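Trainee: I have a structure I would like to understand better, so I am pasting it below and will then ask my questions one at a time.
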Amino acid sequence: MKFTKTTEQDSNYNDLEKMSISELLLNINKEDQTVPLAVKKALPQIETLTEQIVLKLKEGGRLFYIGAGTSGRLGILDASECPPTFGVSHDLVMGLIAGGDIAIRKAVEFAEDSTEQGWIDLKKHNISNKDIVVGIAASGTTPYVISALEKCNEKNIITGCITCNLKSPLALTAKFPIEVIVGPEFVTGSSRMKAGTAQKLILNMLSTTTMIQLEKVKGNKMVNMQLSNNKLVNRGENMLVSELNIDKKAASKLLEKYGNVKEAIKNFTNE
């Protein structure tokens, strides 16, 4: 099949500058509604990659996201939310972006075009075949990401990817690709829109499913979450009240003693 960059195709809409605010919002929303359906079609690929991630993390490995621009930022976002949400260490899931940390806030010119820096960035974290690396690139053509995955393949490090073009160079490089085809963007080529939304949905699925499989959730509650503010402390106390049938004061003491909901529940019978 010939590689076609659907992410660069002309928008289904024209004369955007002539639309009213109401029309613009309505049409953007109309396009956004197609994204979950595109993600649904990719569920078999998402499941296959998730299985690999769960396996590696259960064996003591780590998950790396690597990307550029919007894709890199989305990977960093998902990775940075794992410790507070699931109580895991900050080096279990890590996001790397072309151009380094400065690129999280400001675009770094030509950083994504490097065919060496991606692997250099991974090596800084002592990457090994115990780990798994997921490249993220809407276009599927980003040199920084592709070259990093190529090097990982050479070193027998399992690779996956999230891309929004079918049969892209990135998808052909990754051992476990996810291809979610969202079609042309509302603003031609602006892949921060539908493609970015699709990537965010998939990243949520990968990390959340993995953490549930790693027993970081009980029932439907984030029992391993970090108690980093009053809202989360209150949520934790309410979990204990519901789970253990105790009052709020007792829940507060348990939480203070054991540091998180999971340990409090586990040790309650010994109290």
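The numbers here are math on the coordinates, done by the rules we state, and not lab data. If you're wondering where the values come from, they're calculated on a predicted model, not measured in any experiment. All Cβ positions, even for glycine, are placed from backbone atoms using ideal geometry, and neighbour counts span all protein chains on display.
Trainee: Which residue, Lys41, Lys216, Lys194, has the most motion in a Gaussian network model of the chain that connects Cα atoms within less than 10 Å?
Mentor: Comparing Lys41, Lys216, Lys194 in a Gaussian network model of the chain, the most mobile one is Lys41.
Trainee: What full-extension length gain, to one decimal in nm, is calculated for Asn238 and Leu43 as 0.36 nm per residue of separation minus the Cα-Cα distance?
Mentor: Extending this stretch completely gives an extra 66.8 nm.
Trainee: Apply 1/(1 + (r/R0)^6) to the Cβ-Cβ distance of Glu8 and Lys123, taking R0 = 41 Å, and write down the FRET efficiency to the nearest 0.05.
Mentor: 0.80
Trainee: So, in nm, how far is label Ala250 from label Lys30 when the simple model puts each one 7 Å beyond its Cα toward the Cβ?
Mentor: Each label point lies 7 Å from its Cα, and together they span 5.8 nm.
Trainee: Of Val261, Val241, Val145, which is the most mobile in a GNM of the chain whose springs link Cα atoms less than 10 angstrom apart?
Mentor: Answer for the Gaussian network model of the chain: Val241.
Trainee: Using 7 Å Cα-to-Cβ label points, what is the Leu77/Thr188 separation (nm, one decimal)?
Mentor: With each label point 7 Å from Cα toward Cβ, the separation is 2.7 nm.
Trainee: Further question on the same structure: When a/c reaches 1.5 or more, the comparison of a/b and b/c decides; with that in mind, is the stretch 131-227 rounded, prolate or oblate per its Cα gyration tensor?
Mentor: The shape class here is oblate.
Trainee: Would you grab the residues whose amide H sits under 5 Å from the one on Gly135? Only those 5+ places off in sequence or on another chain, please, with H modelled 1.01 Å from N.
Mentor: HN-HN under 5 Å from Gly135: Ile66, Gly160, Cys161, Ile162.
Trainee: While we're on this one: Explain nothing, just compute: Karplus ³J(HN,Hα) = 6.51 cos²θ - 1.76 cosθ + 1.60, θ = phi - 60°, for every residue of the stretch 12-20 in order, whole Hz, x for Gly and Pro.
Mentor: The phi angles translate into 6, 10, 10, 6, 4, 5, 8, 7, 6 Hz.
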